[in-house]
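Enquirer: Encoded as structure tokens, here's the structure I'll be asking about.
Bear in mind that the values in this text are calculations on the coordinates, not laboratory data. Just so it is clear, the structure is predicted and the values come from calculations on it, not from any experiment. With ideal geometry, Cβ positions are generated from the backbone for all residues, glycine too; neighbour counts draw on all protein chains shown.
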Amino acid sequence: MSKQKLLELLADLTCPMDPFVFAGFGSKYQEEYFAQELDVFDIEERYIETFLNSFDLDETVSDLFSIFITKPTDFYENLATRRAEDWDHSVNLMISKAAEKKPPMVSALIVRSIRQNPHLQKKFVEMIGYLDVKISYPITLDLESFWKDLDREQIEILDFIRSEFPNSSKP
């Protein structure tokens with residue numbers, strides 16, 4: 001799999017619905033999304049699942065983390081920055097779906113990446129919020145001394161994860 005194909009899928013998931021899509025020039029995903037015959041979240045998840053099943057998962061996850069850590073500003077007119085919220089959602093959702101397939105590998109990569117990129121801890125907390133709590137809870141325990149200077153939203157994410165395991169020690 002090339003990183004380019006991954007970027008193209010992220011662009012499809014992130015791009016706004018504009019007159020080109022309305023005129024029938026959008027991607028297959030955009031046309032399905034625009035038609036809204038199905039729940040748009042189901043469409044998004046189906047495309048992500050199909051993509052993850054079509055390529056080497058280890059390589060895809062590695063590329064996803066590379067993209068997560070350093071947004072590709074030179075791709076598609078800086079789409080990752082212009083549509084940052086949508087871009088981050090798509091990357092986080094793809095990582096969470098990959099984590100369902102290979103929890104130990106993705107968890108280890110998350111922990112290592114957080115330790116190597118402490119300046120991105122708030123962004124990582126938001127990504128952890130996308131994960132199944134059975135995957136995210138051990139990560140929060142492993143990094144309990146790491147979390148510093150979080151804002152209210154990130155604290156709420158970690159508190160929710162901890163609340164799912166009330167008899168365990170609090171990070």
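Enquirer: So how much slack lies between residue 145 and residue 42, counting 0.36 nm per residue of separation and subtracting their Cα-Cα distance, in nm?
Expert: Working it through step by step, the gained length comes to 33.4 nm.
Enquirer: Here's another thing I want to ask about it. Lys pairs in region 57-171, Cα-Cα under 17 Å, at least 8 apart or on separate chains: how many?
Expert: Value for region 57-171: 9.
Enquirer: Between residue 54 and residue 153, with labels modelled 7 Å along Cα→Cβ, what's the label distance in nm to one decimal, could you check?
Expert: Each label point is offset 7 Å from its Cα along the Cβ direction, giving 3.1 nm.
Enquirer: Right, something else. For each of 74, 58, count neighbouring Cβ atoms within 10 Å of the residue's Cβ, then give the residues from fewest to most.
Expert: Working: 74 8, 58 13.
In increasing order of surrounding Cβ atoms, one gets 74, 58.
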